[in-house]
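The structure appears below as structure tokens.
The values are calculated or read from the model by the stated rules, or taken from the named source; none is laboratory data. What you see is a predicted model, and the numbers here were worked out from it, not measured in a lab. Cβ placement follows ideal geometry from the backbone for every residue including glycine, while neighbour counts extend to all protein chains displayed.
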Amino acid sequence: MTDDHRSFYEHALDAADRDAFEDAHHVDGIDDEVALLRLQVRRLIEEGDPDPKILHSGIRLLIQALAARHRLSGAQAEGLGNAAANLLEQFAAIAAPFDTSGDAA
């Protein structure tokens with residue numbers, strides 16, 4: 001592809017990234033992104049004592065992706081967000097008696 005026909009973002013990419021960028025154009029939907037976000041949130045929780053801000057950001061991003069995927073209304077997305085926040089609070093309450101080594105406090 002000549003420089004004149006590259007997209008706005010392609011100008012900033014090297015040849016290998018341009019190939020990957022072209023492949024990304026053929027992906028339809030966001031199922032892979034949702035799955036990847038779920039995996040990352042799970043890893044944060046499994047590693048123990050996650051930074052609450054990072055965990056919150058990951059879950060918020062996951063909810064936004066799900067909202068986009070399912071085209072949820074604002075109220076539905078807010079309800080999903082509230083449910084996730086409640087789940088996090090319950091998780092924190094369960095995990096609170098344990099220190100970072102996993103031993104009971």
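A few notes on this one:
- Residue within the range 77-100 that is in a helix (DSSP H, G or I), aromatic (Phe, Trp, Tyr) and modelled with pLDDT of 80 or more present: no
- Residues in the range 10-51 that are in contact with a helix residue (DSSP H, G or I) (Cβ under 9 Å, 6 or more places away or on another chain), within 30 Å of Ile94 (Cα to Cα) and free of Cβ contacts under 8 Å to residues at least 12 places away in the same chain: Pro50, Asp51.
- Residue in the range 22-32 that is more than 30 Å from Ala12 (Cα to Cα), hydrophobic (A, V, I, L, M, F, W, C) and part of a helix (DSSP H, G or I) present: no
- Only a single criterion out of (1) at pLDDT 75 or above; (2) among the hydrophobic types (A, V, I, L, M, F, W, C); (3) out of contact with any Leu (no Cβ under 7 Å at 6 or more places or on another chain) is not satisfied by Leu55, namely (3).
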